[in-house]
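Participant: Take a look at this one; I'll ask things after.
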Amino acid sequence: MADPHADTDVIDELRTDHREALTLLGRIASTTDPDERRELTDTVIAEVVRHSVAEEMYVYPVMRKHLPDGEQVVDEDKREHKQLEETMKQLEAVQASEPRFDDLVRDMTEQLRHHATDEENEQFPALRERVPRETLVELRKKVDTAKKLAPTRPHPAAPNAALFHKIAGPGVGLVDRLRDKLTKRPTG
């Protein structure tokens with residue numbers, strides 16, 4: 001049986017990730033049940049962390065190489081990832097019933113929306129123009145694999161570098177998944 005996902009390229013996958021994360025954030029904002037809010041929050045945090053790590057490992061090196069202003073674009077995207085990580089770390093530590101929780105969900109939503117808009121409106125079209133489709137499909141496969149091994153919790157003190165993620169990421173991801181299992185934390 002043919003894999004229906006086989007032709008999907010990395011840009012389509014990353015756009016889907018953005019939409020799914022923003023939808024989850026919208027669900028958090030629209031429910032008042034603290035347990036549901038916590039569960040949705042833990043899920044969206046895990047998804048955004050995995051997405052960010054995979055992007056830094058495989059997509060950002062291609063952007064650096066192929067976009068005319070690749071260095072600056074990637075540096076800005078990594079700053080935005082760091083900001084998101086810091087917000088997510090704070091969000092992990094706040095009870096869903098606390099007023100600060102809503103502020104942090106709004107902050108995360110705004111940060112993610114801004115980041116996704118920049119990527120989808122400027123960077124992704126430029127990548128599609130400059131990188132062969134086969135390469136973008138191969139990148140999607142690498143991103144899929146990276147997401148399976150990536151951490152599920154924010155680590156804002158860790159470097160946002162491809163080499164760090166490739167060397168330390170699987171170990172950190174394993175520890176995160178063990179913690180998730182022990183605490184019954186949903187991760188998507």
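Read-outs throughout are calculated quantities, based only on the coordinates presented, and are distinct from any laboratory measurement. Just so it is clear, the model here is predicted, and its values are computed rather than measured. Because the Cβ atoms are built from the backbone with ideal geometry, glycine has one as well, and the counts that use them run over all protein chains shown.
Participant: Taking the number of other C-beta atoms within 10 Å as the exposure measure, put LEU14, LEU24 in order starting with the fewest.
Facilitator: Going from least to most buried by this count: LEU24, LEU14.
Participant: Can you check what the net charge comes to around LEU104, using other residues whose Cβ is under 12 Å from the Cβ of LEU104 (Lys, Arg +1; Asp, Glu -1)?
Facilitator: Working: positive: ARG37, LYS89, ARG100, ARG106; negative: GLU86, GLU92, GLU98, ASP102, ASP103, ASP107, GLU110.
Summing Lys and Arg as +1 and Asp and Glu as -1 gives -3.
Participant: Here's a follow-up. Too long at a 24 Å Cα-Cα cut-off: which of LYS65/LYS142; LYS82/LYS184; LYS78/LYS184; LYS78/LYS147; LYS141/LYS184? If you can, show how the numbers build up before the last one.
Facilitator: Values: LYS65/LYS142 17 Å; LYS82/LYS184 26 Å; LYS78/LYS184 30 Å; LYS78/LYS147 17 Å; LYS141/LYS184 29 Å.
Those over the limit are LYS82/LYS184; LYS78/LYS184; LYS141/LYS184.
Participant: Moving on. Exposure proxy check: ILE45, ILE11, ILE28 ranked by fewest other beta carbons within 10 Å? Mind showing how you got there, number by number?
Facilitator: Numbers: ILE45 27, ILE11 21, ILE28 24.
Ordered by Cβ neighbours within 10 Å, fewest first: ILE11, ILE28, ILE45.
Participant: Shifting gears a bit: When only C-alpha pairs under 8 Å and at least 6 residues apart count, what is the relative contact order of the range 58-121, in percent? Don't jump to the answer; show the numbers that get you there.
Facilitator: Values: 29 pairs, mean separation 16.0, N = 64.
The value is 25 percent.
Participant: About the Cα centre, and with charges only on the beta carbon of Lys, Arg (+1) and Asp, Glu (-1), how big is the dipole of the range 1-118? Nearest 20 debye, please.
Facilitator: Working: 15 positive and 30 negative charges, 33 e Å.
Here the range 1-118 has a charge dipole of around 160 debye.
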